[in-house]
Structure formats: structure tokens, C-alpha cells
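Comments concern the structure below.
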Amino acid sequence: MSVVAMLQGSEPADRAAIQAALSVARRLNVPVQGLCALPDPNAAMLVMSTPEAVGLSASTARAIMDAQENVLKNARQTFEDVTGTGAHGLECRFVHEVQIAEHAGANAATLADAIVFPHSAAKMADPLSLAFEYVLMDARLPVVMAGTADPGTGPVVIAWDGSNGAARAVRFHLPLIQAFGDVVIAQSQKDLGKDQPRSAADPAALEAWLKEHGITSRRADIEGEVASGLLSLARGCDASMIVAGAYGHSRMGERLFGGTTRRLLDAGTSPALALAR
């Protein structure tokens, strides 16, 4: 098992993903893998029969290969720079996979302890945007988004409303939660009042479940709007991570996230986000 950092050849984004992956891997004491997935250039070419098109196709394929070589070089260099100190004591391995990032990411997420995307992948124009969307929304596998704030040293904050999404997030990320050990269960009483009361939504149910897994927890109310309240709570306790359900769906390449998820993803300053749909 390992923690996988998805890389795109952009130094700031790759550095953030690798640092977040190292932070998680240190807690779990597992290897770190930097994964740079690039499609076969020939698969992206249109086959034409005219003599003029042959030369055009060849030059375009060469341009794509040159661009990929540059991406690969930058991703490898950043991975080696960040992991090269060895002070973390973890095995670190860079992997180049000839595959579209969506499928490579889903394959990696299936068996990895965690898969980490840069926070920028939440933006539609980002090179890893489609891979992030596919893994989380279509493959329905858990992901960790690198934070935009300095890594915290405090507890994991669980955004809990008893919903299927929140429950999946907690179950999928249980090894991470256990590795951090200390948990704050955050709940919005105002938000709960919108739905029919359910016993599963009671934080006591989650507290009991966490205790069975050797995890100590305490409760905290979310003040005001859920996303801003969560971020404020996380800052106040120097949270290492927010665990939350991702609400929304993917439709023909158009990512549709619910309001709370969208605000967490768009936040200018946030800890790492452990998400599941």
C-alpha cells in the first residue's frame, strides 16, 4: 500500500500534492508514489489519408511528445526535490504511466491508502481537473485534496450530518483518521433542522463508532454557514484535515458540486480535504 500524489508537471501544484502526500504517508508509515500519467500521443492523432496530412500529423505528434517530455521532466524533478531529503524515512518512487489521468487515478485510488490531488484540480481549467472529477464523482473513490494553508498539527475535523456521503467519507478514510488519532465532530444544528430527525445523524452514534476503532473524539458546533463555519473551526483548532462528504454529480464533463463542497474546494485558505461521494 502507499500514498499516491497525482502530478501534472506544474511545480507549485506538484509540490503541494507531494508535500501533502508525505504528510499523510508519515502518519501511516507507508511509501509515497508520485504518479504522472500521460496518454499515448499516437492515440490523440486523427488518421487522414492525404499526403499533406501525413506531414502535419507527424509534426503534431512530435510536438505532443516534446510537451509530454517536458511535463514528465518537471514532475520528476519536483518529486525528487521534495522527497530527496530522506529525513522522512519513507520509500519514495516516481512512476510514469502511459494512460489518461482519469483511468490512472482511478486505478491508483482503488488500492492506495490515499490518493492526493493538488488543490488546483478543483478548477475546471486545471490539467488534473477531469481526473479529479472522474475519481471522486464517477468512480466514487475517496480523494485527498492538498491544503492551501500550512499543514496543521491538530485534529481531524469530521463534517458530520449522518448522510450517506458523510458516512462514506468517514469509512473510506478510517485509516487516515486512526493515524491522526484525535477527532473533532463538527455539526450544524441549524442545518440538521431542515430534515427529518435521524438517529444516525446524532454525533453520539459517530462517537461510539470511532471509539470502537480506538479513536478519541469531541464535538463542536458549526457556527453560521456550513463551509465558512467548518473552515473557521479548522483554523481555530489548527486542524490537520477536514473529512467531508462530496455532494453533487458529474454530467457529460460538467462538474456539479453542492454548495458546501463547492465552497470548501474554492476556499483560498484551507487544510487538506479528505472527500468521498
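Determine, yes or no, whether Val47 is more than 25 Å from Leu275 (Cβ to Cβ), open to solvent by 30 Å² or more (accessible area, probe 1.4 Å) and modelled with pLDDT of 90 or more. Please lay out each step first, then the result.
Values: more than 25 Å from Leu275 (Cβ to Cβ): yes; open to solvent by 30 Å² or more (accessible area, probe 1.4 Å): yes; modelled with pLDDT of 90 or more: no.
Criteria not met by Val47.
Can you name every one of the strands (runs of 3 or more DSSP E) wholly within segment 184-277 that holds 1 or more residues which are at pLDDT below 90 and over 17 Å from Ser163 (Cβ atoms)?
On the way: elements: 216-221, 241-245, 248-251, 254-257, 272-276.
Per the criteria, 248-251, 254-257.
What number of residues within segment 59-96 are outside any helix (DSSP H, G or I) and farther than 18 Å from Val24 by Cα?
From segment 59-96, those outside any helix (DSSP H, G or I) are 84-96; that's our starting set.
Then drop every residue that is not farther than 18 Å from Val24 by Cα, which leaves 95-96.
Looking only at that region, the number is 2.
Six or more apart or on different chains, Cβ under 9 Å: which pairs go from a residue in segment 134-146 that's in contact (Cβ under 8 Å) with a residue 60 or more places away in the chain and on the phi > 0 side of the Ramachandran plot to one that's open to solvent by less than 10 Å² (accessible area, probe 1.4 Å) and assigned to a strand (DSSP E or B)? Could you list them?
If the second residue must be open to solvent by less than 10 Å² (accessible area, probe 1.4 Å) and assigned to a strand (DSSP E or B), the pairs left are Arg140/Ala276.
Return the only residue of Arg76, Arg93, Arg15 being open to solvent by 60 Å² or more (accessible area, probe 1.4 Å), in contact with a His (Cβ under 9 Å, 6 or more places away or on another chain) and modelled with pLDDT of 95 or more. Walk me through it before giving the result.
Values: Arg93 fails: in contact with a His (Cβ under 9 Å, 6 or more places away or on another chain); Arg15 fails: in contact with a His (Cβ under 9 Å, 6 or more places away or on another chain).
Answer to the check: Arg76.
I need the full set of residues from segment 111-139 which are within 12 Å of Met6 (Cα to Cα), part of a helix (DSSP H, G or I) and among the aromatic types (Phe, Trp, Tyr), in order please.
Phe132
I need a count of the residues in segment 212-240 that are open to solvent by 50 Å² or more (accessible area, probe 1.4 Å) and either closer than 29 Å to Gly268 by Cα or over 26 Å from the mean Cα position of the chain (by Cα) (or both).
As a first pass, look at segment 212-240 and keep what is open to solvent by 50 Å² or more (accessible area, probe 1.4 Å): 212-214, 216, 218-219, 221, 223-225, 228, 232, 235-236, 238.
Cutting the leftovers down to either closer than 29 Å to Gly268 by Cα or over 26 Å from the mean Cα position of the chain (by Cα) (or both) gives us 212, 218-219, 221, 223-225, 228, 232, 235-236, 238.
Of the residues in segment 212-240, 12 are open to solvent by 50 Å² or more (accessible area, probe 1.4 Å) and either closer than 29 Å to Gly268 by Cα or over 26 Å from the mean Cα position of the chain (by Cα) (or both).
Working carefully through the options Gly165, Gly152, find the one that is outside any helix (DSSP H, G or I) and either at pLDDT below 95 or charged (D, E, K, R) (or both).
Step by step, each of Gly165, Gly152 is checked, and only Gly152 is outside any helix (DSSP H, G or I) and either at pLDDT below 95 or charged (D, E, K, R) (or both).
The values are calculated or read from the model by the stated rules, or taken from the named source; none is laboratory data. The structure displayed is predicted, hence computed values, not measured ones. Glycine gets a Cβ as well: all are built from the backbone with ideal geometry, and neighbour counts include every protein chain shown. The area values use the complete protein model at the heavy-atom level, side chains included, leaving out ligands, DNA and RNA. Shrake-Rupley method; radii C 1.70, N 1.55, O 1.52, S 1.80 Å.
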